[in-house]
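Note sheet for the following structure.
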Amino acid sequence: MDAAANEIILGAYSAAHAPQDWAAVLDRLTERYGANGIILWEWQGSGDTRQLKAPFFSSHYQRDILEDYLQRHQRREFTDQTNFEQKSLQFGRLAPDAIDLVNERDLYPNEAEYLEAPHVKELLSYGIRHRYGALLDRDNPFHARFSLQTSESRGTLSPEELAELKTLLPHLAKALDLTDALNERRNKSTAFLNALDHLNLGVC
């Protein structure tokens with residue numbers, strides 16, 4: 001792994017302490033693979049009413065456009081994400097310690113069906129042709145889903161790029177775990193300090 005890849009790894013661990021820096025880390029990955037962008041997804045809620053959310057994404061994407069797309073295509077993305085999860089878990093049984101990438105061909109063996117899907121047509125209008133996804137935490141598949149998108153002109157990732165990305169993703173997974181743990185600790189500290197403010201006594 002070269003120096004630039006090591007910098008991406010170090011940046012991810014640094015972003016665990018400063019979540020606002022995740023966009024810069026994802027920008028470096030986007031540039032490295034000539035991608036349209038990268039999104040880290042998670043499910044919020046439970047059952048069929050759960051909603052797909054994107055806590056972190058590269059700066060090429062805009063939150064308002066992303067959320068509008070999700071609102072209009074939530075049902076189709078729900079189906080895609082469910083199929084993606086099943087395929088990822090199936091791959092995981094073959095290589096439990098690996099983080100495997102799933103692409104649109106794994107979800108849509110019939111390419112014409114993929115290209116005719118309404119949500120895919122919209123993605124094509126944005127220049128997005130190929131999609132890759134990976135579960136960063138198989139123990140909690142609702143959490144930490146990595147996705148990378150490429151254009152028609154860029155094409156698919158090469159075997160060498162896929163192999164390298166699979167060595168980087170475990171570091172992203174660990175850094176996201178740290179991000180969540182540190183955020184939980186911060187929230188608890190904030191709640192404690194807010195509670196102190198409401199006490200009718202002096203603290204010295």
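With the requirement that a residue be closer than 20 Å to Arg28 by Cβ and either under 17 Å from the mean Cα position of the chain (by Cα) or in a strand (DSSP E or B) (or both), what does the range 132-156 give you?
Of everything in the range 132-156, those that are closer than 20 Å to Arg28 by Cβ and either under 17 Å from the mean Cα position of the chain (by Cα) or in a strand (DSSP E or B) (or both) turn out to be Tyr132, Gly133, Ala134, Leu136, Ala144, Arg145, Phe146, Ser147, Leu148, Gln149, Thr150.
Only one residue in Asn183, Asn200, Asn194 is at pLDDT below 90 and in a loop (DSSP other than H, G, I, E, B). Which one? Please lay out each step first, then the result.
Working: Asn183 fails: in a loop (DSSP other than H, G, I, E, B); Asn194 fails: in a loop (DSSP other than H, G, I, E, B).
Sole residue among the options that is at pLDDT below 90 and in a loop (DSSP other than H, G, I, E, B): Asn200.
Taking Trp41, is it in contact with a Leu (Cβ under 9 Å, 6 or more places away or on another chain), in a helix (DSSP H, G or I) and open to solvent by less than 30 Å² (accessible area, probe 1.4 Å)?
no
State which residue pairs qualify: first residue over 19 Å from Asn140 (Cα atoms) and inside the range 68-89, second residue outside any helix (DSSP H, G or I) and of a type in the set (Gly, Ala, Ser) in any location, beta carbons under 8 Å apart, and separation of 6 or more residues or different chains.
Qualifying pairs under 8 Å: Leu70/Ala54; Arg76/Ala117.
Within the range 123-134, identify whether any single residue is at pLDDT 95 or above, of a type outside the set (D, E, K, R), open to solvent by 30 Å² or more (accessible area, probe 1.4 Å) and in contact with a Gly (Cβ under 7 Å, 6 or more places away or on another chain), and answer yes or no.
no
Considering each of Ala95, Ala112 in turn, give the residue that is without any contact (Cβ under 8 Å) to a residue 12 or more places away in the chain, hydrophobic (A, V, I, L, M, F, W, C) and within 17 Å of Ile128 (Cα to Cα).
On the way: Ala95 fails: within 17 Å of Ile128 (Cα to Cα).
Exactly one of Ala95, Ala112 is without any contact (Cβ under 8 Å) to a residue 12 or more places away in the chain, hydrophobic (A, V, I, L, M, F, W, C) and within 17 Å of Ile128 (Cα to Cα), namely Ala112.
To keep it simple, each residue is scored yes or no on (1) open to solvent by 90 Å² or more (accessible area, probe 1.4 Å); (2) in a strand (DSSP E or B); (3) touching a Lys or Arg at 6+ places or on another chain (Cβ under 8 Å).
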site: Tyr61; (1), (2), (3): no, no, no
site: Asp64; (1), (2), (3): yes, no, no
site: Arg75; (1), (2), (3): yes, no, no
site: Gln81; (1), (2), (3): no, no, yes
site: Phe91; (1), (2), (3): no, no, no
site: Ala98; (1), (2), (3): no, no, yes
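The values are calculated or read from the model by the stated rules, or taken from the named source; none is laboratory data. A quick note: this is a predicted structure, and the numbers were derived from the prediction, not measured. Counting neighbours? That spans all protein chains shown, and the Cβs are built from the backbone with ideal geometry, glycine included. These accessible areas exclude ligands, DNA and RNA; they are computed on the full protein's heavy atoms, side chains included. Shrake-Rupley method; radii C 1.70, N 1.55, O 1.52, S 1.80 Å.
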